[in-house]
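The values are calculated or read from the model by the stated rules, or taken from the named source; none is laboratory data. Keep in mind it's a predicted model, so treat the numbers as computed, not measured. All Cβ positions, glycine included, derive from the backbone under ideal geometry; neighbour counts span all protein chains shown. Note: accessible area is taken over every heavy atom of the protein model, side chains too, but ligands, DNA and RNA are not part of it. Shrake-Rupley method; radii C 1.70, N 1.55, O 1.52, S 1.80 Å.
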Amino acid sequence: MAYAEKLVKSWRACWKNAAGKIEKRSGYPTKKKALDYAKEQEVEASRRGSAREDASQMLVRDWVEEWYAGLDLELNTMLGYQSILTNHILPRWGETRMRELATSDAQIRAWAKSLHDAGYTYRTATGIVSLLGTLCADAMDAGLIHRNPAVARRNRGKYTSRREATTRPATIVNPFTALLLAERAAVLTGRDDEFILLTSMYYTGMRISEAMAVELESVSGKYPLQKQLSRGRKTKVFYSKGPKFDSKRTIDIPEFLLGLWRLQARQVVHHEVPEGAQWCPCGDDVPEDNRHAPGVHLFTGDVWHHWDQTAFRYRLLYPAAWGRFYPGMTGERPVYQAPDEDGGEPGPFDWDDVRVGEERAEAAVACWAPIAPDLTPHGLRHSHKTLMEELGTPKPLMDERMGHRDHTVSGRYSHPTEVMRGHLMEALAGAWKGALEQRRQMGVESRVAVLRGLLERNLESHSRSTPDGKPRLLAESRGRVA
């Protein structure tokens with residue numbers, strides 16, 4: 001029978017599990033709460049019924065095989081589970097009997113600590129242990145074990161690791177910095193595509209996987225975001241699926257960005273595929289429901305059909321924002337700058353894309369300074385939301401644009417209107433024009449063709465409004481971007 005025990009400053013819940021043994025859990029502020037919890041556990045134990053006949057002999061690896069075969073989850077989740085099972089859970093627990101695992105609380109805690117000590121982040125380590133807890137919970141329902149030894153425990157006086165594990169505030173950028181990032185990214189690849197891609201992410205709040213899924217036939221002032229194009233975990237294949245958290249939505253595209261999209265649609269170069277191919281080679285071995293036809297997307301990768309999220313971070317965004325390729329990895333290096341062809345000082349957006357390895361380092365006279373340290377791809381999404389806040393955008397429109405859902409009472413009674421949309425489009429256009437003007441005032445001609453054209457048109461507009469006869473694009477650099 002369930003009962004509660006009085007402690008010094010709290011109450012302890014006590015109940016009988018499916019095996020008839022007493023289990024206890026402390027930390028409840030009142031007797032009623034402790035007793036209610038204990039009764040719930042006894043009801044749950046009764047619901048699970050008797051143990052399976054093979055419970056005493058089954059190994060963890062046998063249960064994992066049975067459990068995984070019965071899952072029907074999103075593909076990326078399945079791949080993530082498979083990675084954790086193969087690399088962490090099975091090597092440590094695969095040959096353990098399920099009955100032994102049920103009483104291995106101390107060993108599991110020691111294992112969890114070893115994951116943290118091995119350098120895994122708090123989030124990664126807890127995710128690994130959490131999956132073991134899920135395995136054990138389902139094993140209880142299957143009658144293999146009588147209790148879950150990997151259930152999350154209440155804090156026992158150690159809060160430092162949790163405070164340190166709290167996600168640090170995202171680095172956000174303003175419109176001018178976003179413009180510089182997009183320009184740097186395009187300089188790195190030598191094409192306009194990345195300028196338009198990063199600009200799109202900043203002014204729409206799309207994730208990189210959502211931006212890569214924009215199709216040519218969907219280019220319009222109201223973009224229906226229905227898909228994302230994501231690389232599978234531990235694989236090199238891409239698959240098309242619904243957006244994260246099923247956040248399908250329609251995004252209003254500012255006029256200036258729509259013009260960039262139309263330009264990109266005219267000049268995008270898709271990578272070659274076998275003649276007559278029905279599917280893009282990026283999705284070999286992926287179910288047909290998650291594949292797509294070749295040559296249909298607005299953006300492509302520089303060396304492959306699509307930007308791999310890891311390559312996008314380490315070869316494009318981090319060098320542009322942090323000033324370093326592969327930060328924190330073996331291949332970490334600055335974005336080196338070498339003298340120009342005449343031996344002169346490099347411009348603020350120049351980088352040595354000719355030399356390689358040690359030759360590049362030896363010839364360097366400078367390197368790119370960071371302009372947005374610690375910025376991540378998701379930071380551009382944070383930046384878009386913050387920009388809308390600064391522009392005074394009503395919350396219903398922000399939620400719709402970001403794909404968020406407000407389940408509060410006020411959220412149910414608030415709705416975006418065409419007037420709100422019009423004001424936001426005007427405000428975003430103003431932010432874009434302001435960023436272009438700040439870039440123009442740097443007096444440095446851009447190496448990016450599309451931006452060079454925008455700056456020249458902005459210069460003509462500025463000259464008509466404030467005719468002073470002074471040149472706006474100088475041939476020489478006024479200093480490094482910092």
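Figures for the structure shown
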| quantity | calculated |
| --- | --- |
| Label-point gap, in nm, between Ser26 and Leu258 - each point 7 angstrom along Cα→Cβ | 6.6 nm |
| Over region 1-140, relative contact order from alpha-carbon pairs under 8 Å, at least 6 apart, % | 18 percent |
| Residue-span extension gain [His415 to Val296] - 0.36 nm each, minus C-alpha spacing | 39.5 nm |
| Tilt relative to the chain, helix 105-117 - C-alpha long axis, 0 to 90 degrees, to 10 | 20 degrees |
| Accessible-area composition of region 66-140, carbon plus sulfur, in percent [1.4 Å probe] | 52 percent |
| Out-of-range pairs (alpha-carbon distance over 29 Å; input Lys113/Lys244; Lys222/Lys395; Lys113/Lys241; Lys244/Lys433; Lys33/Lys395) | Lys113/Lys244; Lys113/Lys241; Lys244/Lys433; Lys33/Lys395 |
| Region 245-326, relative contact order in percent, only Cα pairs under 8 angstrom and at least six apart counted | 21 percent |
| Length-normalised contact order for the chain - Cα pairs under 8 Å, 6+ apart - percent | 13 percent |
| Sum of -39500 (n - 2.57) over DSSP H runs of 4+, divided by residues of the chain (222 nm, nearest 500) | -13000 deg cm²/dmol |
| 5 angstrom amide H check on Glu215, placed H, neighbours 5+ away | Leu298 |
| Computed E for Glu53/Asp289 - FRET, C-beta separation, R0 30 angstrom, nearest 0.05 | 0.20 |
| Cα lying deepest toward the dipole's positive end in region 253-332, options Leu260, Phe312, Gly301, charges on Cβ | Leu260 |
| Listed peptides 422-428, 379-385 by packing density, highest first (mean Cβ within 10 Å) | 379-385, 422-428 |
| Heavy-atom accessible area order for Phe325, Phe245, largest first, 1.4 Å probe | Phe245, Phe325 |
| Qualifying aspartates and glutamates (Cα of each under 17 Å from Cα of Lys21; at least 8 residues distant if same chain) | Glu5, Glu40, Glu42, Glu44, Glu100, Asp105 |
| Unit charges at the beta carbon, dipole of the chain: most positive-side option, Trp111, Met201, Gly357 | Trp111 |
| Efficiency of FRET from Cβ geometry, Arg355 and Arg452, R₀ 30 Å, rounded to 0.05 | 0.75 |
| Per residue, the convex hull volume that the Cα atoms of the chain enclose (Å³) | 209 Å³ |
| Extension reserve of the Ala137-Gln441 stretch, reckoned as 0.36 nm per residue once the Cα distance is removed | 103.2 nm |
| Low-density loop positions, GluC sites (Glu not before Pro), region 177-278 - DSSP coil, at most 15 other Cβ in 10 Å | Glu272, Glu275 |
| For a label point 7 Å along the Cα-to-beta-carbon line of Phe245, residues of region 363-398 with backbone N under 20 Å | 376-390, 393-398 |
| Estimated distance in nm for a label pair at Arg61 and Tyr120, the labels positioned 7 Å out from Cα along Cα-to-Cβ | 1.9 nm |
| Ser220 paired with Tyr68, simple spin-label distance in nm, labels 7 Å along Cα-to-beta-carbon | 4.4 nm |
